Amino acid sequence: MIVDPDVVGLSRLQFALTALYHFLFVPLTLGLAFMLAIMESVYVMTRREVWKRMTQFWGVLFGINFAMGVATGVTMEFQFGTNWAYYSHYVGDIFGAPLAIEGMMAFFLEGTLVGLFFFGWDRISPLKHMLVTWFLALATSLSALWILIANAWMQNPVGAAFNPQTMRMEVTSFKEVIFNPVAQSKFVHTVSAGYTMGAMFVLSISAWYLLRGRNIDFAKRSMTVAASFGLAAALSVVVLGDESGYAVSENQKMKMAAIEAMWETEPAPASFTLFGLPDVKAKETHAAVRIPWVMGLMGTRSIDEPILGIADLVDDAKVRIADGIKAYDAMLVLRENKNDAQAKAILAAHDKDMGYALLLKRFMDDPRKASPEDIQKAADSTIPNVPVLFWSFRIMVACGLWFIVLFGYAFWRASKRRLEGRRFLRVALWSLPLPWVAAELGWIVAEYGRQPWAIEGVLPTALGASSLTSGQVWISLGGFVLFYTALAVIDGYLMVKFARKGPDGLGMWPKKPDAIPTTAQTA
Amino acid sequence: MFDYETLRIIWWALIGILLIGFAIMDGFDFGVAALLRVLGKDEHERVVLLETIEPTWEGNQVWFILGGGAVFAAWPLLYAASFSGLYVAMFVLLVAFIIRPVGFNFREKVHHATWKAVWDYCLVASGVIVMLVCGVAFGNLFLGLPFHFDGDLRMTWDGTFFQLFRPFALLSGLVSLSMLLAHGAAWAAMKADHTIAVRAVKVSRIASLVYVVLFVLAGIWLAYGIPGYAIAGPVVTDAASNPLGKDVAVGGTWFAGYLTHPMFWGAPVLAFVGALGLQLFIGRRGFLGFFCSSLAVAGTILSAGFALFPFLMPSASSPSSSLTVWDASSSQGTLLLMLGVTVVFLPIILLYTGWVFRVMRGRVTLDHVRKSHGMY
């Protein structure tokens with residue numbers, strides 16, 4: 001049965017919007033949680049009141065953001081079932097496990113401790129409270145780990161095989177699923193991006209206080225923490241972003257070729273296209289500025305291994321579709337008679353390609369009846385949106401490099417105790433939105449670049465959707481857009497309001513710098 | 001030691017435990033939220049009520065999130081069929097779950113009566129919606145849902161959203177509502193300032209009485225008015241998970257399990273004992289009233305689960321497409337791995353949850369909130 005293409009398109013739009021929206025809040029939670037833990041540790045070690053006030057003030061902003069993250073996260077956990085029911089059935093045996101483990105190992109801890117962070121200040125000792133904050137921070141990152149293990153399996157589905165009796169993928173090795181190399185590089189890349197975002201958030205708002213001459217000691221200390229934490233995070237996000245790129249080229253050659261707008265295979269080592277205007281129709285990149293060797297070195301870690309271009313990858317796909325049809329045919333035989341030895345042998349030989357036969361299901365009910373033109377069409381459908389990936393990737397990388405420069409400079413100024421320069425402060429303030437730009441584009445590169453697959457090589461996105469009516473998805477999509485927009489407005493209003501109020505406006509910090517409390521007091 | 005059949009029964013039980021955990025732990029949050037404007041007569045009183053649940057509701061909600069994740073991992077067909085089939089109902093439920101975290105947090109951020117009232121009613125709505133929708137969904141299970149599978153195991157839904165509002169399902173929604181209102185009020189009676197607790201005791205007693213009457217009514221209706229489902233022919237308990245391999249007979253009674261396993265009656269008895277205990281102990285010192293209310297919640301869910309067993313999600317339009325414990329689970333390897341993880345982490349979860357509740361013990365008094373409200 002072919003799923004209504006409208007339902008697929010609308011469900012994809014809804015998933016992308018809700019995931020991108022959720023991803024506005026999650027990385028900030030990741031980063032701020034660690035910043036809070038660091039600030040509170042300094043408080044516990046030095047018992048200087050300013051560090052406690054810092055933890056509490058940034059904690060208020062953390063709380064607003066955390067509520068949004070939790071609220072929008074519920075949608076994610078349930079949307080696989082509501083809109084991607086066939087996906088859920090087809091890979092739930094593997095994909096469900098890391099989500100459930102995330103709940104048990106990480107989110108439970110996070111959800112239970114966050115209340116204590118806010119309400120426990122007077123109920124437990126400072127040391128215990130600090131431990132609560134640390135565990136909260138660890139739990140948020142642990143949460144990211146399991147989500148990225150699940151996500152990495154969509155990019156590189158290891159440790160699983162198709163079972164014709166249950167019509168789904170089933171686990172063959174959990175070890176491979178958990179120690180998926182893509183998961184490791186993605187985890188470090190993503191949490192580092194979150195840490196960078198948290199650092200930028202504190203850096204920019206503190207810079208604003210300094211520009212206004214408010215909360216000076218408070219802001220300087222916050223900036224110092226942000227600069228050092230941010231520099232480490234920004235270095236990690238770029239260096240391990242490269243690692244993530246390496247993993248991409250191993251497992252998703254097509255995504256890599258699309259990011260590079262590499263239409264034809266180049267002789268190794270390939271050059272890196274710094275700038276260009278990819279033309280999808282002509283299958284070439286105009287006005288390209290290329291740096292020789294760089295791509296080949298980055299993508300293959302060698303000088304003689306070629307990186308395949310889009311045309312060659314489409315030819316590969318055609319072969320795999322033909323093999324996949326054989327597997328599909330054998331699967332149908334086995335469904336009727338599970339002991340058919342010949343069909344078993346065919347399926348065993350070609351089951352890695354069965355997903356490619358399923359690409360045809362977008363165009364016809366029975367892939368076995370595909371003509372060479374159909375196969376060409378299906379093979380062409382494996383090319384993701386080249387210009388979007390090309391540009392998203394480049395802007396993301398540019399942001400990443402800028403973070404290293406900015407945090408490096410901030411770190412240098414902080415170590416010289418010369419944070420006041422107005423030009424520097426203004427640049428720090430105006431860089432505030434960039435981590436969000438980079439994070440959202442990173443999501444687009446990773447997930448939009450995975451198309452047309454829900455599970456790379458295994459399950460096309462179009463097949464994964466639920467059998468809904470487009471009317472139903474319009475209701476939920478419209479509801480989410482309205483509802484999320486309203487929440488975004490309120491969240492933005494509260495964030496700005498409390499950042500503007502600042503520690504002095506909230507009564508956490510004296511308005512005049514000469515009255516800084518130095519001894520411990522209760523808040 | 002853990003054959004496929006055993007693992008499936010264990011995972012049926014674990015999902016039951018998660019569901020009961022959700023109903024007991026998050027149920028009182030929903031109950032208190034729904035009663036916010038009834039029990040709390042002015043701003044200070046409402047802040048007291050909120051502060052009885054604010055430090056812990058977030059952890060409690062994870063019972064629900066984890067429930068979703070565990071159903072996905074252990075019963076992927078159930079996750080896929082129920083969530084996509086009940087699409088609009090799920091969306092309504094999601095809205096209730098989205099509005100709650102921001103409701104708690106944002107309410108305290110602006111000191112303006114209208115602002116607070118709007119968030120109050122958002123919280124009230126989220127509580128009522130969740131209690132009702134969960135109950136209505138449960139009721140619909142007994143009536144059978146309109147879905148079937150094709151050979152690829154792709155599910156098609158044969159009904160509409162409004163068909164879910166059948167009389168028995170609505171009754172079951174009211175059972176859930178009254179039960180959790182009683183439960184939430186029992187929490188408030190234990191945790192809130194005495195002025196509010198006195199009111200909460202009354203509300204809890206009345207709601208619990210209503211619950212007992214409705215629960216009995218639902219039981220009678222189920223016994224005499226609603227045909228049960230049974231697997232026809234030999235029951236294969238360790239076959240590959242494919243619901244299309246069996247036949248289902250409709251027309252027996254949902255109480256078949258109770259007739260063959262008399263110990264099943266322990267579940268409704270537990271519910272009644274809990275409700276009775278609530279009437280006796282609520283308003284006295286200690287947590288006995290709330291504990292009894294929790295027993296009633298657990299007994300109610302167990303009663304329904306035992307009646308349904310081995311069915312997870314019966315189909316009215318194509319009975320043999322019904323999902324049962326024997327044909328809708330994950331593979332043996334996944335069930336085993338997840339069991340291992342649960343055995344390690346569930347006790348740890350209970351440990352730190354217990355610690356947090358201990359730290360936050362004691363009544364939230366009006367004096368306390370007049371002086372300071374947590375810096376949420």
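In a shell of Cβ-Cβ distance under 15 Å around B:L337, excluding B:L337 itself, what net charge do Lys and Arg (+1) and Asp and Glu (-1) give?
Net of charged neighbours comes to -2.
Give me the inter-chain shielding for B:360-369: mean count of other chain Cβ atoms within 10 Å, whole number please. Don't skip to the answer; put the middle values down first.
On the way: counts 5, 1, 1, 0, 0, 0, 0, 0, 0, 0.
Counting other chains' Cβ atoms within 10 Å and averaging over B:360-369 gives 1.
In the calculated pair distance distribution of segment A:119-184, what percentage of Cα-Cα distances lie above 17 Å?
58 percent
Go through B:356-362, B:141-147 and give me the packing order, highest mean Cβ count within 10 Å leading.
Descending packing order for the listed peptides: B:141-147, B:356-362.
Using only the alpha carbon atoms of segment A:59-151, find the Kirkwood hydrodynamic radius as the inverse mean reciprocal pair distance, in angstroms to one decimal.
Evaluated on segment A:59-151, it is 14.5 Å.
So what is the 222 nm mean residue ellipticity for chain B from helices alone, if each DSSP H run of at least 4 adds -39500 (n - 2.57) and you divide by all residues, rounding to the nearest 500 deg cm²/dmol?
-22500 deg cm²/dmol
Taking segment A:273-308, which trypsin sites (Lys or Arg not before Pro) meet the DSSP loop condition and have no more than 16 other C-beta atoms within 10 Å? Mind showing how you got there, number by number?
Numbers: sites: A:K281, A:K283, A:R290, A:R301; in loops: A:K281, A:K283, A:R301.
For trypsin sites (Lys or Arg not before Pro) across segment A:273-308 that sit outside H, G, I, E and B with at most 16 neighbouring Cβ atoms in 10 Å, the list reads A:K281, A:K283, A:R301.
With a ≥ b ≥ c the root eigenvalues of the C-alpha gyration tensor of segment A:98-255, is it rounded (a/c under 1.5), prolate (a/b larger than b/c) or oblate?
oblate
Starting with the fewest neighbours, write out B:T156, A:T196 ranked by other beta-carbon atoms found within 10 Å of each beta-carbon.
B:T156, A:T196
What number, in nm² with one decimal, is the all-direction average of the projected area of the convex hull of the alpha-carbon atoms of segment B:295-376?
Values: hull surface 41.0 nm².
Approximately 10.2 nm², given one-decimal rounding.
Let me see the pair-distance distribution of segment A:217-331: every alpha carbon pair, 5 Å bin width, integer percents in order.
2, 10, 15, 17, 14, 11, 9, 8, 6, 4, 3, 2, 1, 0, 0
Can you give the longest run of chain A that contains no GluC sites (Glu not before Pro) sitting in a DSSP loop with at most 15 other Cβ atoms inside 10 Å?
Result, exposed sites excluded: A:1-263.
Rounded to the nearest 0.05, what FRET efficiency do A:L482 and A:K338 have when you use their Cβ-Cβ distance and R0 = 56 Å?
0.70
Go ahead and estimate [θ] at 222 nm for chain A from helices alone: -39,500 (n - 2.57) per DSSP H run with n ≥ 4, summed, over the residue count, rounded to 500.
Only helices count here, giving -24000 deg cm²/dmol.
In the protein assembly as shown, how does Rg compare with the Kirkwood Rh, expressed as the Rg/Rh ratio over alpha carbon atoms? List each step's numbers first, then the result.
On the way: Rg = 28.5 Å, Rh = 29.1 Å.
Value, to two decimals: 0.98.
Over segment A:29-143, what relative contact order in percent results from Cα pairs under 8 Å that are six or more residues apart?
38 percent
Simple spin-label model, 7 Å along Cα-to-Cβ: A:D315 to A:K281 in nm?
Distance between label points: 2.6 nm.
If you bin the C-alpha pair distances of segment B:59-98 every 10 Å from 0, what whole percents do you get?
29, 54, 17
Between A:W402 and A:T469, what length comes free when the chain is fully extended (0.36 nm per residue of separation minus the Cα-Cα distance, one decimal in nm)?
Residue separation times 0.36 nm, minus the Cα-Cα distance, leaves 19.6 nm.
Let me test this: with uniform point scatterers at the alpha carbons of segment B:252-293, what is the Debye-based log₁₀ I(q)/I(0) at q = 0.20 1/Å?
Values, matching the q order: -0.62.
How large is Rg/Rh for segment B:16-139, to two decimals, with Cα atoms and a Kirkwood Rh?
Rg/Rh: 1.01.
How big is the Cα convex hull of chain A in projection, averaged over all directions, in nm²?
26.5 nm²
Rounded to two decimals, what is the ratio between the C-alpha radius of gyration of segment A:421-495 and 2.2 N^0.38 Å?
Numbers: Rg = 19.0 Å, N = 75, 2.2 N^0.38 = 11.3 Å.
Working it through for segment A:421-495, the quotient is 1.67.
Give the dimensionless ratio obtained when the Cα radius of gyration of chain B is divided by 2.2 N^0.38 Å. Intermediate results must be reported in sequence, preceding the final value.
Numbers: Rg = 21.2 Å, N = 376, 2.2 N^0.38 = 20.9 Å.
Working it through for chain B, the quotient is 1.01.
Considering just Cα atoms, how many Å³ per residue does the convex hull of segment A:387-523 enclose? Walk me through the numbers before you get to the answer.
Numbers: hull volume 31.0 nm³, N = 137.
So the per-residue Cα hull volume is 227 Å³.
Read-outs throughout are calculated quantities, based only on the coordinates presented, and are distinct from any laboratory measurement. These numbers come from a predicted model, not from an experiment. Ideal geometry is used to build each Cβ from the backbone, glycine not excepted, and the neighbour counts take in all protein chains shown.
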